[in-house]
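The values are calculated or read from the model by the stated rules, or taken from the named source; none is laboratory data. Note that the coordinates shown come from a computational prediction; the quantities given were computed from them, not determined experimentally. Cβ coordinates were reconstructed from backbone atoms using ideal geometry, including for glycine residues, and neighbour counts include every protein chain displayed. We work out accessible area using only protein heavy atoms, side chains counted, and drop any ligands, DNA or RNA first. Shrake-Rupley method; radii C 1.70, N 1.55, O 1.52, S 1.80 Å.
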Amino acid sequence: MTHVLEHAKRLAKTFELSDEDVQQCSNAFVGELRLGLKQKTPSMCQIPTFVTQIAGGHEKGISLDVDLGGTNLRVCSVELHGDATSTVLQSQLPVPPSIMACDQAAGLFSFIANRIRDFLKIYHQSWLDAAANDHKAPFLSLGFTFSFPAYQTALDSGILLHWTKGFDILDAVNQDVCKLLQTEIDILKLPVKVAALVNDAVGTVMSRAYSLPPSHVRPTVDAIFGTGTNGVYLQALSEVTKPIEGLSGSPSRSMFMSTEWGVNPGNQMFEKRVSGMFLGEILRLAVLGLCDDGQAQLFRGFATHNSSLPKRWSVDSSIVSVAEADNSKGLPVLSQKISDTFGIPEDFVTTEDAHAVKLIAHGMGTRAARLAGMAVGSVIIQGRLLDTQGATTDTGPGKGGCKVDVAVDGSVVEHYPGFEVHMTKAPKVLDGIGDAGESNIIIGHTKDGSSVGAAIIALLASRDI
Ligand code: ADP
Ligand code: MG
């Protein structure tokens, strides 16, 4: 083996996680999950979602979703046909900067209410007509997919803790975002009731639940591996000893908890190693380290200060996927991507260099996928989802021969070749799972399900009343 590859191989080895390492991580992870059920301010927050039932696929009806993400506002209607199929109509538009940062909460929420009215005018005029003619006409339930930190005290109520992603409307902080939206909807006299505040992970699990045939076990875990990472799982409430406002007197036995496993201050190593936001940056640092090692002679010693390698955050995670996917002789696709991504002239990128980058990317990518599987396995263990005695939903049947169905979504799991395979294999090394348990875990990719799932959650909630 030539020099540069030896160096790369040594570096890649530092990313390896043995089975014992995975077990140890899981022990710590399950410990954090348990603390999150007891303490008020733990490092893994374990936020109650107030979702206690799961769709069976036979539901019928129509409901709405509004999804306020980082840049776009999406409004959609979801009609469930009762046979695991649905019709989704949707509109999307960017949120103008003047609305993202304004003085009054009403500025943003009246903008959203007006977009709901526009949407209904185009696709569901009959609901507007019915409401205009009869003030007792039925209303449409709306799920609000809100990707900002909010403290939920009921399914249809959440206090905004602070804004992120460039939004800045001080007036809305510490207010109930569902109420703010409902007020503006009522001003426009729309036949719409905000019935649920939903995070994208719990929306995704509900969307998968509806789309599966009735004979299939209901999903009880969802894991998102995108810009960030989060997981939700079904947890027996008897083990939740921290006070949950709004829960007293609830007859439910279990609830989906949002672990917030990516965001645990002081201990964010998991998110750094797994999520899309960081994979490119880790690769950049590793490659830069190899360049700076004069002996390795990566890129024929091309001066790194003439490339974009020293620039922080300059590398998108997609290069990790390209490195894994290019298996052709000479690695032409990866070589081109290296040249473009790192700003290194093509002549300086040899096939060996590309192989070196591939080795490093493979090491990092495999580590990320194994850690992802460790996290999925850990929530399965904590929720005792493989046991007959584990958590069940209000609508059951949560169990089906103790199989566990896991919905997953996000660009990293979607695009990184082999991520899903490594993620699926990792849980079997855990004591609480083993070979038998692993064969009972079903992983299902559920693309962009959160809006549909939020609309379903809103529909089910309105039937509870
Ligand atoms: P969001 O997190 O906003 O829901 P995504 O699930 O699409 O969006 O995740 C976006 C993240 O995935 C970004 O951090 C991006 O760098 C990363 N990403 C995009 N494409 C790929 C790819 N081909 N391989 C690995 N990571 C990717
Ligand atoms: Mg997403």
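Worth a mention:
- The share of alpha-carbon pairs in the chain lying farther apart than 29 Å comes to 52%.
- Electrostatic dipole magnitude of region 1-67 [Cβ: Lys, Arg +1; Asp, Glu -1; Cα centre; debye, to 20]: 200 debye
- Per residue, the convex hull spanned by the Cα atoms of region 113-172 amounts to 132 cubic angstrom.
- Its Cα gyration tensor gives region 252-308 an equivalent ellipsoid. The semi-axes, each the square root of 5 times an eigenvalue, are 40, 9, 8 Å from largest down.
- Peptides 192-201, 43-52 ordered by average Cβ neighbours within 10 Å, highest first: 192-201, 43-52
- Computed on region 195-249, the Cα convex hull volume stands at 153 Å³ per residue.
- Across the chain, Cα pairs under 8 Å and at least six residues apart give a relative contact order of 24 percent.
- Surface calculation, 1.4 Å probe, protein heavy atoms: Met100 sits at approximately 30 Å² accessible.
- Relative packing of peptides 6-17, 229-240 - highest average C-beta neighbours within 10 Å first: 229-240, 6-17
- Thr153/Glu346 FRET efficiency (R0 51 Å; Cβ-Cβ; nearest 0.05): 0.35
- Applying the Karplus relation 6.51 cos²θ - 1.76 cosθ + 1.60 with θ = phi - 60° to region 281-291 yields 3J(HN,Hα) values of 5, 5, 4, 4, 5, 5, 5, 4, x, 5, 5 Hz, where x marks Gly and Pro.
- Surface share of carbon and sulfur [accessible, 1.4 angstrom probe, percent] for region 299-358: 51 percent
- Rounded to the nearest 10 square angstrom, Ser307 shows an accessible area of 20 square angstrom against a 1.4 Å probe.
- Taking 4 °C and 1.567 mPa s as conditions, region 308-379 diffuses translationally at an estimated 99 µm²/s according to Stokes-Einstein applied to its Kirkwood radius (Cα pairs).
- With the Kirkwood sum run over all distinct C-alpha pairs, region 58-179 has a hydrodynamic radius of 15.7 Å.
- For region 62-159, the solvent-accessible area with a 1.4 angstrom probe is 45 square angstrom per residue.
- Portion, in percent, of the accessible area of region 71-168 that falls on carbon or sulfur, probe 1.4 Å: 53 percent
- Fraction of antiparallel bridges per DSSP, the chain only, in percent to nearest 5: 60 percent
- Solvent-accessible surface ranking, highest first, for Lys425, Lys179, Lys242 at 1.4 angstrom: Lys179, Lys425, Lys242
- Solvent exposure ordering (accessible area, 1.4 Å, most first) of Ile185, Ile244: Ile244, Ile185
- Computed on region 328-435, the Cα convex hull volume stands at 131 Å³ per residue.
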